[in-house]
Structures are given as C-alpha cells and as structure tokens.
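Worksheet: the structure to be examined is printed underneath.
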Amino acid sequence: MPPLRSRGDDVEFLAEHFLQELNAQTRTQKRLSALSRMTLKQHSWPGNVRELKNCIERAFILGDAVLELAPLIQGAAPRAAEPDVERDRLSIRVGSRIYDMERSLIEATLDYFKGNKRRAADALGCSLKTLYNKLNGYSQSEYSQSQYSQSQECANT
C-alpha cells in the first residue's frame with residue numbers, strides 16, 4: 001500500500017472519518033478548520049494512518065467546536081512516539097511518552113502474534129483482562145486525560 005502522503009485526498013477523507021467516529025462516540029459536532037484541511041494535505045505523514053488518527057484524536061481532545069491541526073503538527077518533536085517496528089523488535093525514540101510507548105508495545109505485540117490476545121498478554125506479562133482493559137481504554141482514552149494514569153497498570157502487574 002502506498003504511503004499516506006502519496007494518496008492525495010485520502011488524507012482528508014480518513015481525517016473526516018476519524019472525526020466522525022469521535023463525534024458519534026461523544027455526541028458532539030466538532031469539525032476541522034480550513035487551515036487544518038490545508039495542513040492535512042501538506043504534511044508528509046511519516047507515521048501514515050496511525051499518525052493521522054492520533055493527530056485527529058489529540059486535536060479533538062484539545063479543541064473546541066473547530067479543530068486546529070497546525071499547532072499539533074508544527075510543534076511536534078521528531079516522531080518520538082512512533083515506533084520503528086521489525087518482526088520481533090520495537091525501537092522507540094528517547095523522549096517518547098510512557099503511555100505512547102506502552103500502547104506501541106501492546107500493538108506491536110498483537111501484530112507479532114497475529115491478533116492472538118492471550119499469547120500477547122502472556123508475552124507482555126499481564127493478564128488477558130488487563131490487556132482487554134488497555135485496548136478498550138485506548139479507544140476511549142483520547143477523550144480523557146485520566147487514561148494516562150491507568151496505563152501504568154500493565155507495567156505494575
């Protein structure tokens with residue numbers, strides 16, 4: 001599949017899709033600003049769809065009725081949280097947030113075990129219930145800053 005930056009209008013379509021999902025889950029009507037739509041097309045999206053989705057989720061949390069992406073993209077450090085994944089290794093940059101590192105590790109482990117949650121939980125050293133709680137939390141955490149403190153459970157169990 002070609003990188004997101006070379007897929008033209010797909011970037012805006014995907015951003016709208018992610019935004020509509022968030023609006024439906026929170027029963028809001030947030031929208032992207034005109035500047036944000038331009039920013040979507042101009043950014044290189046080295047993290048591909050995952051980076052785009054995370055950016056929309058951050059803007060959704062931080063924004064009011066109209067979301068501004070430019071400050072999030074322009075002010076971002078070089079992809080600290082985006083891991084470099086090989087088949088059996090995960091490389092995370094210094095300065096990444098613990099929450100992002102944990103999420104990347106869980107996602108990479110699930111990919112490694114082809115979605116088998118029981119094997120992933122065993123490899124991560126946490127219970128299957130904790131893994132399910134983490135995964136459910138990731139889908140809801142973008143709406144609540146309190147999820148960060150909950151992300152410490154897997155490391156402590």
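The values are calculated or read from the model by the stated rules, or taken from the named source; none is laboratory data. As the structure is a computational prediction, the values presented were derived from the model and not from experiment. In this analysis, Cβ positions are derived from the backbone assuming ideal geometry, glycine residues included, and neighbour counts consider all displayed protein chains. To get the accessible areas, we keep the full protein, side chains included, count just its heavy atoms, and leave off ligands, DNA and RNA. Shrake-Rupley method; radii C 1.70, N 1.55, O 1.52, S 1.80 Å.
Name every residue in the range 103-138 that is open to solvent by less than 70 Å² (accessible area, probe 1.4 Å) and aliphatic (A, V, I, L, M), in order of residue number.
The answer is I106, A108, L110, A120, A121, A123, L124, L128, L131, L135.
Just give me the residues in the range 42-55 being surrounded by 14 or more Cβ atoms within 10 Å (Cβ to Cβ) and either assigned to a helix (DSSP H, G or I) or modelled with pLDDT of 90 or more (or both), in sequence order.
Step one: list which residues in the range 42-55 are surrounded by 14 or more Cβ atoms within 10 Å (Cβ to Cβ), which gives 43, 45, 47-55.
Once the filter is applied, which keeps residues that are surrounded by 14 or more Cβ atoms within 10 Å (Cβ to Cβ) and either assigned to a helix (DSSP H, G or I) or modelled with pLDDT of 90 or more (or both), the range 42-55 yields N48, V49, R50, E51, L52, K53, N54, C55.
Please go through the range 83-102 and pick out each residue that is open to solvent by less than 40 Å² (accessible area, probe 1.4 Å) and either at pLDDT 85 or above or outside any helix (DSSP H, G or I) (or both).
As a first pass, look at the range 83-102 and keep what is open to solvent by less than 40 Å² (accessible area, probe 1.4 Å): 83, 96, 99-100, 102.
Of everything in the range 83-102, those that are open to solvent by less than 40 Å² (accessible area, probe 1.4 Å) and either at pLDDT 85 or above or outside any helix (DSSP H, G or I) (or both) turn out to be P83, S96, E102.
Going through the range 9-39 one residue at a time, which ones are surrounded by 18 or more Cβ atoms within 10 Å (Cβ to Cβ), over 20 Å from Y99 (Cβ atoms) and under 16 Å from the mean Cα position of the chain (by Cα)?
Initial filter on the range 9-39 (surrounded by 18 or more Cβ atoms within 10 Å (Cβ to Cβ)): 11, 14-15, 18-19, 22, 32, 36, 39.
Imposing the further condition that a residue be over 20 Å from Y99 (Cβ atoms) reduces the set to 11, 14-15, 19, 32, 36, 39.
Within the range 9-39, V11, L14, A15, L19 qualify.
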